[in-house]
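The values are calculated or read from the model by the stated rules, or taken from the named source; none is laboratory data. Only a predicted model underlies this, so the values are computations on that prediction, with no experimental measurement involved. Virtual Cβ from ideal backbone geometry, glycine too; neighbours counted across all protein chains shown. We work out accessible area using only protein heavy atoms, side chains counted, and drop any ligands, DNA or RNA first. Shrake-Rupley method; radii C 1.70, N 1.55, O 1.52, S 1.80 Å.
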Amino acid sequence: MRLRRFLLTGGLAAGLVCSAVLAAPPTPASAAPPALPADFDGDGNADLAIGMPAFLGDRPFAGMVGVVYGAGDLLTPSHRQRITQDLSWVPGGAASEEGFGGSLASADFNADGYADLAVCTPMESEPGFKFVGSLTVLFGSAVGLNRGVRVVANCHEVGAGDFDKDGYPDLAILGWEQAYVMYGRAGFAAPILHPFGPTGLDLNGRRVLAVGDVTGDGYDDVFFTVQLINQTTRLLLYRGGPDGIDTTLFQKISTETTDAAAIGDIDGDGYADVAIGNPRSTVSGRTEAGRVRVWFGSSTGLDVRRGPTGLSQDTAGIPAVAEEDDLFGLSVALGDVEGDGKADLAVGVPYEDVGTREDAGLVTVVRGSAAGLDLTRVQEITQDTAGVPDSAEAADLFGSPAAFRDFNRNRRAELIVSADNEDAGRGSVTILTGTSQGVGGPGLFSVLRPQSIGIPTDDLVFFGRALG
C-alpha cells in the first residue's frame, strides 16, 4: 500500500523582491577558495546539508535544514547546525506548510573561500500572494553558515554549475512558473535573477532540474522538464556559453512524467549523460512500476540517434521484479563510486516491499563503463543488506532520495541514502562508502538521525527529504 506523501507543489508567479541581508557578527578574513562545493567553513572537508519538511511546534511542514560538518574523513554530528526561518540571521519567518529546505544546492557563489548554501522554500507566502515560494542564499564563513539573503522567486528546485566558465559558480532556479539563473561573482551580496525558458498558459508546471556539461564544451548546461496541460512531458536543454545560459531552447525531447533527474559521465567520454526517473510508468501492464531512461551526451546535445537506455525491474540484470506501485526511479543519482572516471547510477525504489515489509524500500546501483551502463555489475541495497546498518521495516521508504559525495577525499564517492519515513516520519540518512569494488558498508559513517543534530526524538521532521 502506498503511503501518503506530503509533496510540496507550485504556487503563483511573483516578481523578484530582494530581502535585506541579515548578518551575524563579522567573520574572520576569507580563506583560500574551498576545493569542495559543500565546505561551508572552509576547512577543506565536505559538509552535509539535509533538508526536511519538519514540524516546528504547531506549524506543520514549516521546514528545517540540518548541517553536519566534516572533519578529516568523517562527518561530526557534534559540530552541527539546525537552521530555520525562526533564526535571527535567516530572512523571512517560519510558517506552516512553507517547506523551507525543499531543495538545496551548494557552491561558493561570492568567491570568498567558503561554500554557500542555496535553499528553496517552495510554498512560502508573501502579503497578498499565497505560496509564491522563495530562494534563500546562506553564506559560509570560518564558523560555518551564518548570514543570509532572500529573493521571492517561486523556487522549487536549485542546481549549481558554471554556465559562463568564468570560474565563479552560478545557480539555476526552477519555479513552477519560471526558470532563472543567478550568476556568481566576487563580492556577491544580493541575488540578481535572470529569467529564461518557456512560459505560457499551455504549461502546467516545470519540474526536475539538473545541471552539467552535456555538450562537452566546458560550459555547464541546464536541463529540466515541463508538463503541458494535455499531460505531455518535454525534456528541455539550455546551453551554457561565454554569456551564460543561452535563452534560446537548444533541445527538446518528449518523455513520460518525470520525477527525478541526475547528470554525470557514465561512459567516461567527456560528455555528461542524463538519467531521468519515470516512476509512474507502466511496465508490463503494472501501473506505476516505474522505469529509468538514460540519455547520453554528445557535442550536439542528448544523442537522439543513440536513443535512451531504458531500465526497469524487468530488465535483465536488474534484481527483483517490476510490481505495481513500486515507483522504481522516484529518485536517481549519478556518482563515481569506484574512482574509475565513470559515473555509476543509483536508483531509489522507496516503495519496494522487502520480504513482507511493505514500502521498506531499496536502492539499485548500476556501474558505469565505457559502453554505458554495465548490467553485469549491479547491486541491490536494502537496510537488510550485509554491512548496512539498521534493518528494513515497513514504511521506511529507504531510497527517498539518494545522492553521491566524496567525503573522505579518495576520489570514490560515498552513496547517501535517505529513509525519510523511518520511525514513523522521523527519518534517517545512511552513508555507504565507495570502494574499488562498488558500494561498500558504512565504514566510519554512522547513521544520521534527527537526534544527530539535536532534534528531539519525538518530533516529526521527515529527516533527509532533501540532500544538499
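Structure values in brief
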read-out	value
Elements of type strands (runs of 3 or more DSSP E) contained in the stretch 398-468, each with 1 or more residues being open to solvent by 40 Å² or more (accessible area, probe 1.4 Å) and either farther than 19 Å from residue 350 by Cβ or without any contact (Cβ under 8 Å) to a residue 60 or more places away in the chain (or both)	398-405
Any chance residue 310 is crowded, with 24+ Cβ neighbours inside 10 Å, modelled with pLDDT of 95 or more and not β-branched (Val, Ile, Thr)	no
First in the stretch 246-274 and over 18 Å from residue 347 (Cα atoms) and open to solvent by less than 40 Å² (accessible area, probe 1.4 Å), second anywhere and among the small types (Gly, Ala, Ser) and modelled with pLDDT under 95, Cβ under 8 Å, 6 or more apart	none
Residue, most open to solvent (accessible area, probe 1.4 Å), within the stretch 210-235, restricted to residues that are closer than 14 Å to residue 273 by Cα and in a strand (DSSP E or B)	211
Single condition residue 164 does not satisfy, out of (1) modelled with pLDDT under 95; (2) more than 21 Å from the chain's Cα centre (by Cα)	(1)
Filtered residues of the stretch 337-374 (kept if assigned to a strand (DSSP E or B) and open to solvent by 10 Å² or more (accessible area, probe 1.4 Å))	354, 357, 367, 369, 373, 374
Filtered residue count, the stretch 336-384, keeping only those that are closer than 20 Å to residue 258 by Cβ and within 17 Å of the chain's Cα centre (by Cα)	8
The stretch 195-209 - residue that is part of a loop (DSSP other than H, G, I, E, B) and either within 15 Å of residue 276 (Cα to Cα) or touching a strand residue (DSSP E or B) at 6+ places or on another chain (Cβ under 8 Å) (or both) and, of those, most open to solvent (accessible area, probe 1.4 Å)	202
Residue that is at pLDDT below 95 and of a type in the set (Phe, Trp, Tyr), where the choices are 463, 407	407
Some residue of the stretch 316-327 being small (Gly, Ala, Ser), modelled with pLDDT under 95, over 21 Å from residue 464 (Cα atoms) and open to solvent by 20 Å² or more (accessible area, probe 1.4 Å)	yes
Hey, residue 5 within 23 Å of the chain's Cα centre (by Cα), at pLDDT below 80 and open to solvent by 40 Å² or more (accessible area, probe 1.4 Å) or not	yes
Leading residue by the ranking (most open to solvent (accessible area, probe 1.4 Å)) among those in the stretch 46-95 that are of a type in the set (Asp, Glu) and free of Cβ contacts under 8 Å to residues at least 40 places away in the same chain	58
Residue ID - modelled with the lowest pLDDT, chosen from residues in the stretch 120-139 that are small (Gly, Ala, Ser) and within 26 Å of residue 81 (Cβ to Cβ)	125
In the stretch 286-306, the residues that are over 25 Å from the mean Cα position of the chain (by Cα) and either surrounded by fewer than 18 Cβ atoms within 10 Å (Cβ to Cβ) or assigned to a loop (DSSP other than H, G, I, E, B) (or both)	287, 299, 300, 304, 305, 306
Residue tally, condition free of Cβ contacts under 8 Å to residues at least 60 places away in the same chain and small (Gly, Ala, Ser), over the stretch 349-370	3
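Residue-by-condition table, conditions (1) within 18 Å of residue 209 (Cα to Cα); (2) buried (at least 24 other Cβ atoms within 10 Å of the Cβ):
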position	(1), (2)
97	no, no
101	yes, yes
116	no, yes
136	yes, yes
150	no, yes
167	no, no
